[in-house]
Structure formats: structure tokens, C-alpha cells
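First the structure, in the form of C-alpha cells, and then the observations on it.
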Ligand SMILES: O=C(O)CCC(=O)C(=O)O
């Protein structure tokens, strides 16, 4: 079976793409084992962690939001999430009024259960960024390969992303893929990993849209899975990730959110009532990643 990851159609089970992600449900009560796994593998996959009904309710909130914007094909039921003609763009606008616009989203990503999990995993009280990244990804779109640190590296580097599929997200709908071993790509961490997209005025923070060139240059293998409502995957700031291309006629709905120790410095851009994420901070972006890659010789 072949899947489109960025610009490359890849055979599942071939040298570049696997769906063999390790599940960590069996060690969920063992903080040391969780930390060790994160250190070794660069990610934690937990199946059925979130309440699946609340996840589905959060998906419906996103679809209602899209409906209000006229982005759905109204000849299908709302729950189907069929994309209206000509719709592009993968973030749901810049709403930060989650309580009124996406009332079920915070019930999933700020739940006591997930905050307790991070406090347990991190070994102290945890905090989550106020800013969230709810996404509705239309047909043909994907996220390019990047380290999250280039977007949110001004606070603790002991910061974690949780990617939550809102609904079932099989591979053909645009699932999250991580590059196994990329948290140990020292050359990449010392160059691209030092970027700050605002300071460096980078037009797009993605390192590459081509998963094959990454494996050929640095090693590793891309890994993804068919996600179910309730699943989540957590990874650190230096785990390269991207997404498969949505090849369906329905929106891929998901949300990515951030967690860290309360006691550590926090990237203030993402906190408060009206957080200003890098891509909406008024900085005129002029640098292309290709220019930097030439300088780094990678
Ligand atoms: O959902 C996506 O397509 C991208 C998610 C992402 O980049 C992240 O979780 O940091």
C-alpha cells in the first residue's frame, strides 16, 4: 500500500515508511519508563487516552465552525465533514476564543487527565500553552517536515507537543508522521534546530517537503499509523514530523498543543488572552529555507 508523504509516494513497509509505532499504554503508570522511552524513541503513542465522545464533539465543533465559514459541502451531513469546492488553508483562522467557538476542544486538550499525565511524566506541576493549533486540512494538503523548536523555542526546551486526531484519522486522511531517530540528528539540530522563524524572518519554517531526502541525508525512517478518536502522540521539540497528504474529500481535523513544567521559563508569545503566534506577529518574512540550507551546506 502506498501513501503520499509530503511530495513523495512511499510504500508502507519499505525503507522510508513504516506504521510500526510503539504503543506506550503498557508503561503509562511508570514515569521512569515513559521518560526513557521518550529519550530513546523521541515519541510516546498512547491509544484511547482521551474520551472518544469528547474528541468527536470537538471535531463537530470544528465542522460547525467550517460550516459557518461556508467551507463545507452542504449536500452531505455535517458529521461527514465533506470539503466544499475550492477550499484551501489548514488552520481554522486565528481564533483564540476556544470556549465559545470550539467549546469541546479544551475539554480534550486541557483535561485534568492530560495535565496530570504531563505532571507525572515531567515530575512536577505542568502547564499548557494557552494558544492551541486546531486544524482542518483539506484535500491535497500536508505539513512539511520540521522541528517544533523553530516555532516555539524561546522558553523551556523541555517542551512537548501533543498531536490529537479529532476523530479517526487514517493515513489517507493526513496523519501525523514522525522521523524515527531524528531527535538524534546532531548536524540538523545544530543548524536548522537553532532557527527561530520570527528572528530569522523565515517565510516557512519547514525544513523540507521531501521525506526521502531527509532519510537519505540523515538516516531514520518515517513512521505513522491509522489514528483513532481518543489516541494521541507526544513528541519533543527536536523530533522531525510532517503529515501524509489528505487524499480524501473530507477535512482532516486535529489539534496540536504544548506542555511543560510550570517551574521552567515559558515562551510568552503563546500565553495570555490574545497570544500572538510567530506567523501572526507582524514580522515581514524574507528568508527562504533554501538560503539557510546553502549556508549550512545541508
Ligand atoms: O497536524 C499537522 O499537520 C501538523 C502538526 C504539527 O506540526 C505539530 O503537531 O507540531
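Only the coordinates and a few stated rules stand behind these numbers; no lab work does. Bear in mind that the values here come from a model prediction, so they are computed numbers and not experimental data. Every residue, glycine among them, receives a Cβ derived from its backbone with ideal geometry; neighbour counts consider all protein chains shown.
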>> For a protection proxy built on the mean count of beta-carbon atoms within 10 angstrom, sort 27-37, 43-53 highest first, please.
In response: 43-53, 27-37
> Sorted by packing (mean other beta-carbon atoms within 10 Å per residue), highest first, where do 243-253, 276-286, 112-122 land?
Replying inline: 243-253, 112-122, 276-286
> Okay, helix-only estimate at 222 nm for the chain: each DSSP H run of n ≥ 4 adds -39500 (n - 2.57), divide by all residues, round to 500 deg cm²/dmol; what do you get?
Replying inline: -6500 deg cm²/dmol
> FRET efficiency for residue 88 and residue 30, Cβ-Cβ distance as r, R0 = 41 Å, nearest 0.05?
Replying inline: 0.40
> Per 5 Å bin, what is the whole-percent P(r) computed from every C-alpha pair distance within segment 109-222?
Replying inline: 2, 9, 16, 19, 21, 19, 11, 3, 0
>> Give the separation of the Cα centroids, segment 93-140 to segment 227-247, in Å.
In response: 15
>> When a/c reaches 1.5 or more, the comparison of a/b and b/c decides; with that in mind, is segment 4-134 rounded, prolate or oblate per its Cα gyration tensor?
In response: oblate
> So how much slack lies between residue 157 and residue 294, counting 0.36 nm per residue of separation and subtracting their Cα-Cα distance, in nm?
Replying inline: 46.7 nm
>> Going 7 Å from the Cα of residue 216 along its beta-carbon direction, which residues of segment 282-298 have the amide nitrogen within less than 16 Å of the resulting point?
In response: 298
>> Sorting check: for 190-200, 219-229, which peptide has the highest mean count of neighbouring beta carbons within 10 Å, and how do the rest follow?
In response: 219-229, 190-200
> Under a plain spin-label model, where a point goes 7 Å from the Cα along Cα-to-Cβ, how far apart in nm are residue 76 and residue 201?
Replying inline: 4.3
>> Need one number: % antiparallel among DSSP beta bridges in segment 1-147, to the nearest 5.
In response: 75
> In the chain, what percentage of the DSSP-assigned beta bridges are antiparallel, given to the nearest 5?
Replying inline: 90
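Could you tell me which of rounded, prolate or oblate describes segment 204-274, using a ≥ b ≥ c as the square roots of the eigenvalues of the alpha-carbon gyration tensor, with rounded for a/c under 1.5 and, failing that, prolate when a/b is larger than b/c and oblate otherwise?
oblate
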>> Under the rule a/c < 1.5 gives rounded, and otherwise a/b versus b/c splits prolate from oblate, where does the chain land using the Cα gyration tensor?
In response: rounded
